[in-house]
Each structure stands twice: as structure tokens, then as C-alpha cells.
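Novice: Dropping a structure here in C-alpha cells format, bear with me for questions.
Any read-out appearing in this document is the output of simple, stated calculations on the displayed coordinates, not a laboratory observation. As the structure is a prediction and not an experimental result, all values here were calculated from the model. Every residue, glycine among them, receives a Cβ derived from its backbone with ideal geometry; neighbour counts consider all protein chains shown.
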Amino acid sequence: MMSKRAGGRLLGAVLVAFVAVVSGCAGPVDVGKLPGVYRDDETGGEVRLDSDGTFSATDVAMGETSDPADFSGRWKFHDSQTSSDFIYLTVEDGGLGRTGGVQLYTKGEETVYFQFDPDGPPTLELDKVDAP
């Protein structure tokens, strides 16, 4: 039988772990706040999400060994109930060769990122900036 003191410590440890996990999750995303320009100052990569559902990407490297590319098309937000929310970029201009689309993940409305290795860290993170 577990003592009250040991049971209380166990409950406390579980609550601390739960708070740590929940605090690491991004909150809900307001789709109306997503349109804008997102940029990585280090690489110069930029993604522009327009309110009409179109996008353009400039100088975006699609992986560690690829050269930066420019591409455009349409975007749609996917509110995932089981994993990370993401914006699906449907590439319409052939700017990525045979790639028809990519996922752009959200960290709220102010930061988006590409993650080409599902087990790795974000490949390219872009922060919302004031449009020029």
C-alpha cells in the first residue's frame, strides 16, 4: 500500500510533467492573422502568405543540400487534431521541380517553419515581419 506522502509526491510529479508538456505546445492559431510576410534574417528566405489564399516563397532552401528556390502557388491552413498544425503550400509554378506541395508548420501566428526531417529540428524558421 502506498503512503499518503508518497502518493502526494507522485501526483505532484505527474502534474509537473503535464504542465511541462502542455506549455511546450503552441496555442490555437487564428487563420485570419496568418497572412503576411515571414522572413529568416540569417538566410534571407521569405514566404509571403496573401489573404486571397496565394503565396510566394523566395530564397527558400528545401533541405541542407539543396540550393535556395523561388516558388509560388496557393496555401491552406490545416488544423490538426492529432499533430502539429500546418499550412499546406500547393506549388503551382513548378519552382520545386516535381514537388507539388510542402508543409509549413506554425508556432502561433508570428512564426512558421519548415521541417523536412520529421524526427529532426526545424530546417528553416521564419518570423513575421512588417511588409516593405
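Novice: If Lys and Arg each add +1 and Asp and Glu each add -1, what is the summed charge of the other residues whose beta carbon sits under 10 Å from the beta carbon of PHE71?
Specialist: Summing Lys/Arg as +1 and Asp/Glu as -1 gives -3.
Novice: Using the scaling law 2.2 N^0.38 Å as the reference, what is the normalised Cα Rg of the range 33-132?
Specialist: Details: Rg = 12.5 Å, N = 100, 2.2 N^0.38 = 12.7 Å.
With N residues counted in the range 33-132, Rg over 2.2 N^0.38 Å equals 0.98.
Novice: How much length would be gained if the chain were fully extended between THR90 and ASP70, taking 0.36 nm per residue of separation minus their Cα-Cα distance, in nm to one decimal?
Specialist: 5.9 nm
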